[in-house]
1. Here are some residues: Val301, Val272, Val318. Which one is within 24 Å of Gln95 (Cβ to Cβ), outside any helix (DSSP H, G or I) and either of a type in the set (Phe, Trp, Tyr) or touching a residue at least 40 places away in the same chain (Cβ under 8 Å) (or both)?
2. Output the residue which, of all residues in the stretch 438-469 that are under 15 Å from the mean Cα position of the chain (by Cα) and not β-branched (Val, Ile, Thr), is nearest to Arg293 (Cα to Cα).
3. Cβ-Cβ below 6 Å, separation at least six or inter-chain, first residue in the stretch 431-450 and surrounded by fewer than 17 Cβ atoms within 10 Å (Cβ to Cβ), second outside any strand (DSSP E or B) and among the small types (Gly, Ala, Ser): which pairs?
4. Are any residues in the stretch 134-156 part of a helix (DSSP H, G or I), over 22 Å from the mean Cα position of the chain (by Cα), touching a residue at least 24 places away in the same chain (Cβ under 8 Å) and closer than 30 Å to Phe16 by Cα, and if so, which ones?
5. Which one is surrounded by the most Cβ atoms within 10 Å (Cβ to Cβ), of the residues in the stretch 6-38 that are in contact with a Lys or Arg (Cβ under 7 Å, 6 or more places away or on another chain) and either of a type in the set (S, T, N, Q) or at positive phi (or both)?
6. Can you name the residue in the stretch 121-147 that is under 19 Å from Asp63 (Cβ atoms) and aromatic (Phe, Trp, Tyr) and is also modelled with the lowest pLDDT among such residues?
7. Which of the helices (runs of 4 or more DSSP H) contained wholly in the stretch 205-264 include at least 2 residues that are among the small types (Gly, Ala, Ser)?
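The values are calculated or read from the model by the stated rules, or taken from the named source; none is laboratory data. All of these numbers come straight from a predicted model, not from anything done at the bench. Cβ placement follows ideal geometry from the backbone for every residue including glycine, while neighbour counts extend to all protein chains displayed.
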Amino acid sequence: MWSGDQSSRLYALSRFVDVYPAITKPDRHVRFGEKMWTTTFVLIIYFAMTNVMLYGLSGQAMDLFSGFRSIMAGASGTIMHLGIGPIVTGSIIMQLFAGAKIIRLDLTNSEDKAMYQGVQKLLVLIMIPIESIPQTYGFLDPSEFLIDEYGLGWANFVIVAQLFAGSYLVFLLDELVSKWGIGSGMSLFIAAGVAQSTFVGTLSPLPTTAGLAYSVQNPPAGTLPMIFYMFRTATNGEMISLNGFEMILLGDATHPNAVIALVSSIIVFLVVAYAESSKLELPLTHGKVRGHRGKYPIRLVYASNIPVILMAALLANVNMFSLLFWSHPTMSQTPILGRQGWFSMSDYIGTYEPGQTTASGGFAWYASMPAGVNDWLIPLLNQQSDMFGHSLGQIMLHVVFYVVLMTVGSMVFAKFWIDTTNMGTKDVAKQIERTGMQIPGFRKNPKVLEKILENYIPPVTYFSGAFVGLLAAGADLLGTVGNATGTGLLLAVGIILRTYEQIQKEQAMEMHPMLRQFFGAE
């Protein structure tokens, strides 16, 4: 039993944290050019890994993250199948534990913070098999060739081993970018995947159904080529009889890249760009140099887009585990939770149609991400178009519940994120004090500065979480091009804008080394 001097029992894991293989933090200043090359190199490796298919995977395999693929990053059926799932899930668990005071760590203390981050890395290592093994033994089936070659047990092990290797490489790449590059690898992977999907969904000239000739029912997949093709080749009679106008404006299950999706994508981009540039500025003066003034900016989107990433990942895990309890050969036998278990409550947890990875009923359905207007608005106007036969009340409740869940959940994660990333009032007060600056009209005292910041940072934190959560939910309801999802596009735009600002800051610190001390880079 642990009997250390530290306040938290997590220090009992220190021996494992010390030997955990990870990327070493640089002990020198990393030049801007080196950071850019590192980030570019990681991005190339990421795209290469998304094209490395799992060896021996059956063609009948199912993707449990299909509805969340743009947020989870990675690619279905590849060694990147789990994407950033294990990393984000480990972060969610640690933040929930820290927020509930289950782990007693002072994250303003350097030793406690290092232990927190170390245990989070261990948790990522645990989450990889937790997410990969159930998927392999039920959904990522090995091919007949692999089973004949090694037997069923070893064939499944080969799939799990590849998933483990790919996920661990994702973790190392994330650490490499965070310590030697610009931004974070997790954000970089999301932005790269969403940008690729959006580009293809907007401009792809290929037919919607590959292998078939172009027609009114099979136009180009991209929004702009589809509009050009339909108005150039289809007659008015064909547009009316074959619902061409409706397909262009609203789309359908086989034509998701409609005009409304493109308009929604543009609106999300403009709103996020405006919100990212909006900020409160606290006036500062230097305590010893008269006339030297400055400003400390507090962004409107103070918690960035991280709360939405965490919330979306949480919903992805809810969908995954509810599907496992519904249809997995072994987990469906679990008492209470499993579909075939004793005193089963699975109808309330989540129900699924055969061959579907998106819930059709239960809590998992109400918490699921609507896939554009065809998933809720069209069924409201014409109830027969709902493939699962939901009532109007159920559809409306689904929309309201999802919007509220994303908004409130993002607020909670915004608070947790600020408390664990040195962005709280205490940390900001210390950062300002280190520079010798103070707020004019007040004594130069950390406690006084902290009290003033309490009037700004906590309210802005909750507002930023609610804002990004509500915006993501609204974009999901309208849909986006390329099946990037509204949440995915919101994240990508925010990440790209933040990365651009980070690049500008890195360039400024390269030209003016004294700025490194202010930004805490040294």
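1. Residue meeting the stated conditions: Val301.
2. Gly465
3. Sorted first by the residue in the stretch 431-450, then by its partner, the pairs are Gly436/Gly287; Lys444/Gly287; Pro446/Ala429.
4. Scanning the stretch 134-156 gives a single hit, Thr136.
5. By that ranking, first place goes to Ser8.
6. Only one residue fits best here, namely Tyr137.
7. Once the helices (runs of 4 or more DSSP H) in the stretch 205-264 are filtered for at least 2 residues that are among the small types (Gly, Ala, Ser), what remains is 236-241.
Quick grid of which residues meet (1) touching a residue at least 60 places away in the same chain (Cβ under 8 Å); (2) not aliphatic (A, V, I, L, M):
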position	(1), (2)
Val194	yes, no
Thr198	yes, yes
Leu203	no, no
Tyr214	no, yes
Leu224	no, no
Phe231	no, yes
